[in-house]
Amino acid sequence: MRYLIAALLLMLAGCDNANESGEQTAVPAPVDPQKATHAGIAWYEGSIEQAFAESRASGSPVFLYWGAVWCPPCQEIKHTVFKSQEFINLTRLFIPVYLDGDTERAQSWGEKFGVMGYPTMIVFNPEGQEVTRIPGGIDISRYNSVLELSLNQMRPTSTLVGYALGDIDRLTADDYYQLAYYSWGQDTAAVPGGTDKADLFYRLSTGAMAYPELSARFFMHYLVALATGENGDEAGLEPADGDEVAARLTALLSSDELTLACWDTLAYYPDDILEMAIFSEDQRAELEGLWSEQLFSLRFDPSLSRAEKLAGWLPLIYVNTRDDQPLSDDLVARLRDEMQQVDADTPDSFERQSVINQMSYVYRNAGLREDARSLLLAELGKSASPYYFMSGLASMSEKDEQFDEAVEWRRKAYESATGEATRFQWGANYVRAMIRMVPLQTETISAASLSLLDEFHASHEMFAGRNFKILRRLAKQLDEWQETHDVTGSGFKSRIESLCSTQAEGSLEQQNCLSLSAPEVVAEAG
């Protein structure tokens, strides 16, 4: 079981200053709907094109934030990083652009930048090249350091990865820092295809030995890549390698400073890493004890946000609930008391989006599913985005095989969702839930799928960014459902075909649309 909270997203540099017809566009760069919560950042109010044009003219880099109101990690960033006066001061040296996923053409821009989810933070240099992506889950001081560093050197991460794979001696201390705090999980272009990421991280960890914090972060990325199979292969390790890994983990977990620097991996991957076959039973037992005790003891460190403090429970829960063992009564009582205190200490409805989400996650991993359910039910009347928590209730009901209840929660979530892209995502989730759990409700499924297509005021947005990825997944599942249950005449595919003819000739949106309605045409064109 993966201890990884929904986490964080993707972007790629490449700003196009004209639309498909060659005419200059003037789409306003959206302003944060909750701008008052971080009013200190003077978000750029011109168009996206104007922001990049001003960057070229002034020599100021662009700091681009892409988020959504309902997204818990987005609210986490708004109530920690964006409220830091030092961070606010640094953004004045940039052209800060806020792009909300529900605003006009946001998904098209997301497609151009390679964005797949919320939140994403990217720095572009004045030439429009992506310099770096900033990850979530690190403390505020390190956000400030990464942003300041991007002002000083402005070398694209892809260039630094090339050095690491070739002549690693070309990397400077600042290069290592940029790479250590790069959002690897959101990468779309910095790492060449086919690269063994585990090997890349091990090389960086070895090369950065003079910088213990950075070396430790690379080493944790190396272990995560091995343990999860992300371009890495645990089978390639020798038994003796377990001794090196155990020794380095012991040293890392024996240091408060290094533990906090690696919190974003240590808190969420204890099971994946400790269950690798390279460890002896004694090594595993020693590491389990040290890992769980260290993070639990540091969970109140002031550098951690409220939500990340709660993550200090996760390794302890893992160690104490292995082999389906229930958490002890003493730990359950302590966990509930702590959760109730955090709940009481978090009155802001937007900040609660991240905190309550984390509380529910911890409860569920502790086997306290009813506590998690009660928490989410109570939050529906308090949350600014209750549909997000309705989805959590739906997931729990589905896991309990309460299918009618699960589908009803999905329907309620869809009906209460706001924002075009958000409603499309929640509506698709509703249709897919019906396909999984009540596939014989053919008329309801067909009608709901068609209503999704009717909601877009501009159909081209349906075929861009996250919208298109959601649509493609839904279309595939509808095709499989129709074939399995011999459903005819749902009208979904024919509606897609009619929309393809309305897309600009040769545009990415047209190509995306054709890939759904007539994939053979796209294959021939390619």
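Structure summary
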| quantity | calculated |
| --- | --- |
| Selection status of ARG423, under 21 Å from GLY491 (Cβ atoms) and in a helix (DSSP H, G or I) | yes |
| Filtered residues of the range 338-349 (kept if surrounded by fewer than 22 Cβ atoms within 10 Å (Cβ to Cβ) and not acidic (Asp, Glu)) | GLN340, GLN341, VAL342, ALA344, THR346, PRO347, SER349 |
| Residue check, ALA164 of a type in the set (Gly, Ala, Ser), surrounded by 17 or more Cβ atoms within 10 Å (Cβ to Cβ) and more than 22 Å from the chain's Cα centre (by Cα) | yes |
| Lone qualifier among LEU380, LEU368 - being farther than 25 Å from VAL319 by Cα and among the aliphatic types (A, V, I, L, M) | LEU380 |
| Meets criteria (without any contact (Cβ under 8 Å) to a residue 24 or more places away in the chain, in contact with a helix residue (DSSP H, G or I) (Cβ under 6 Å, 6 or more places away or on another chain) and of a type outside the set (Asp, Glu)) for LEU380 | yes |
| Qualifying residues in the range 52-102 (those that are under 17 Å from the mean Cα position of the chain (by Cα) and small (Gly, Ala, Ser)) - the one surrounded by the fewest Cβ atoms within 10 Å (Cβ to Cβ) | GLY67 |
| Test: residue in the range 417-427 that is buried (at least 19 other Cβ atoms within 10 Å of the Cβ) and either β-branched (Val, Ile, Thr) or at positive phi (or both) | yes |
| First in the range 484-504 and within 17 Å of ALA448 (Cβ to Cβ), second anywhere and part of a helix (DSSP H, G or I), Cβ under 6 Å, 6 or more apart | VAL487/THR442; SER490/SER446; GLY491/LEU450; PHE492/SER449; PHE492/LEU478; ARG495/LEU453; ILE496/LEU516; ILE496/SER517 |
| Of all residues in the range 277-301 being more than 28 Å from the chain's Cα centre (by Cα), of a type outside the set (Gly, Ala, Ser) and not in a helix (DSSP H, G or I), the one that is nearest to LEU226 (Cα to Cα) | ILE278 |
| Members of the range 307-338 that are within 16 Å of SER297 (Cα to Cα) and in contact with a helix residue (DSSP H, G or I) (Cβ under 6 Å, 6 or more places away or on another chain) | ALA307, LEU310, GLY312, TRP313, PRO315, LEU316, ILE317, TYR318, VAL319 |
| Any hit, the range 263-280, residues being small (Gly, Ala, Ser) and in contact (Cβ under 8 Å) with a residue 60 or more places away in the chain | yes |
| Residue tally, condition in a loop (DSSP other than H, G, I, E, B) and either modelled with pLDDT of 95 or more or of a type outside the set (Ser, Thr, Tyr) (or both), over the range 173-202 | 8 |
| Test result for ASN125, of a type in the set (S, T, N, Q) and surrounded by fewer than 20 Cβ atoms within 10 Å (Cβ to Cβ) | no |
| Residues of the range 302-337 classified as buried (at least 18 other Cβ atoms within 10 Å of the Cβ) and assigned to a helix (DSSP H, G or I), total | 15 |
| Total residues in the range 427-463, condition within 21 Å of TRP109 (Cα to Cα) and either outside any loop (DSSP other than H, G, I, E, B) or touching a strand residue (DSSP E or B) at 6+ places or on another chain (Cβ under 6 Å) (or both) | 6 |
| Residue within the range 464-476 that is over 18 Å from ARG105 (Cα atoms), outside any helix (DSSP H, G or I) and in contact (Cβ under 8 Å) with a residue 24 or more places away in the chain present | no |
| Hey, GLU213 on the phi < 0 side of the Ramachandran plot, modelled with pLDDT under 90 and among the acidic types (Asp, Glu) or not | no |
| Total residues in the range 428-458, condition hydroxyl-bearing (Ser, Thr, Tyr) and surrounded by fewer than 17 Cβ atoms within 10 Å (Cβ to Cβ) | 2 |
| Lone unmet requirement of (1) in contact (Cβ under 8 Å) with a residue 40 or more places away in the chain; (2) assigned to a loop (DSSP other than H, G, I, E, B) for MET220 | (2) |
| Extreme residue, surrounded by the fewest Cβ atoms within 10 Å (Cβ to Cβ), among residues of the range 350-367 that are outside any helix (DSSP H, G or I) and hydrophobic (A, V, I, L, M, F, W, C) | PHE350 |
| The listed residue being surrounded by 18 or more Cβ atoms within 10 Å (Cβ to Cβ), in contact with a Gly (Cβ under 6 Å, 6 or more places away or on another chain) and of a type in the set (D, E, K, R), out of ASP272, ASP264 | ASP264 |
| Any pair with Cβ under 6 angstrom, 6 or more apart, that starts in the range 83-112 at a residue that is within 17 Å of GLU420 (Cα to Cα) and modelled with pLDDT of 90 or more and ends at one that is surrounded by 24 or more Cβ atoms within 10 Å (Cβ to Cβ) and of a type in the set (Ser, Thr, Tyr) | none |
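The values are calculated or read from the model by the stated rules, or taken from the named source; none is laboratory data. Fair warning: this is a prediction, and the values are worked out from it, not measured in the lab. Because the Cβ atoms are built from the backbone with ideal geometry, glycine has one as well, and the counts that use them run over all protein chains shown.
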